[in-house]
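Worksheet: one structure, shown below.
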Amino acid sequence: MALFNDDVSINSIIGRDSLIRGDMKVSGSMSVFGDLDGNLEATGNVIVGENARVNGSITAKSIIVSGVVKGNISAVEMVRLLSSSVVIGDIQTHRLQADEKVIIHGHCISLKDPAQYNDAVDSWQDTQAIASRSILQDIHISVDHSMFSDLSATAPIATQVSPQAAPQAMSQPMQQDVPSISIPDTVLPDPDLDDEYLE
């Protein structure tokens, strides 16, 4: 009977001195004792050995890490981090066990309640989607100076701001006589929508 139980049977192994490049999908469980440069998706359990290095995301039923993972970890049941493990990435699971001296650099979601877990994962994915679309670029702001005719002539108005100029602007003290301007909240259309929805 134990032969067919995912908890004890290992379907695939990456050996200690092996290097695999590319994404892997495994039906069942997998142990990684060498290096994997790519994402790993398994229907069973994944074990990342002490000398193993994974440069990619891991998705499985449960994951035990004692090596280095540079990527996100997502396990339906459990993630266990042993004392020699280093995870540089986000962790999503219903149950997390971490030994002393574990290093985690990322966002961690570990909630037993399925509804709370799903809400937290959805919220984090939304945050990640927004962050990925707002990569810093040069910002150019055009200002119609006639809009500010009633303001003091001494009030400075910026016409262009760039990332190179931003640190200099932030290091200078703010002027006390600059009036505040409130801008109403507006809803901008999604640029991915077809034009017919925007009319």
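The heavy atoms of D23 offer some 120 square angstrom of accessible surface to a 1.4 angstrom probe.
Ranked by the mean number of other Cβ atoms within 10 Å per residue, highest first, peptides 103-113, 59-69, 73-83 order as 59-69, 73-83, 103-113. Put K25, K70 in order of accessible area, highest first, and with a 1.4 Å probe you get K25, K70.
For the stretch 35-55, the residues whose amide N sits under 12 Å from a probe point set 7 Å from the Cα of K70 along the beta carbon direction are 36-38, 53-55.
The residues of the stretch 38-103 have, on average, 44 Å² of accessible surface per residue, using a 1.4 Å probe with all protein chains present. Counting only residues at least eight positions apart within a chain, or on another chain, the lysines with an alpha carbon under 25 Å from that of K101 are K61, K70, K112. Taking only protein heavy atoms and a 1.4 Å probe, the accessible area of the stretch 70-134 is 51% carbon and sulfur. Using alpha-carbon positions, what is the distance between the centroids of the stretch 77-96 and the stretch 15-72, in Å? Centre-to-centre (Cα) distance: 13 Å.
The values are calculated or read from the model by the stated rules, or taken from the named source; none is laboratory data. Since the model is a prediction, treat every value here as computed from it, not as a measurement. Ideal geometry is used to build each Cβ from the backbone, glycine not excepted, and the neighbour counts take in all protein chains shown. Surface accessibility is based on the protein's heavy atoms, side chains included, excluding ligands, DNA and RNA. Shrake-Rupley method; radii C 1.70, N 1.55, O 1.52, S 1.80 Å.
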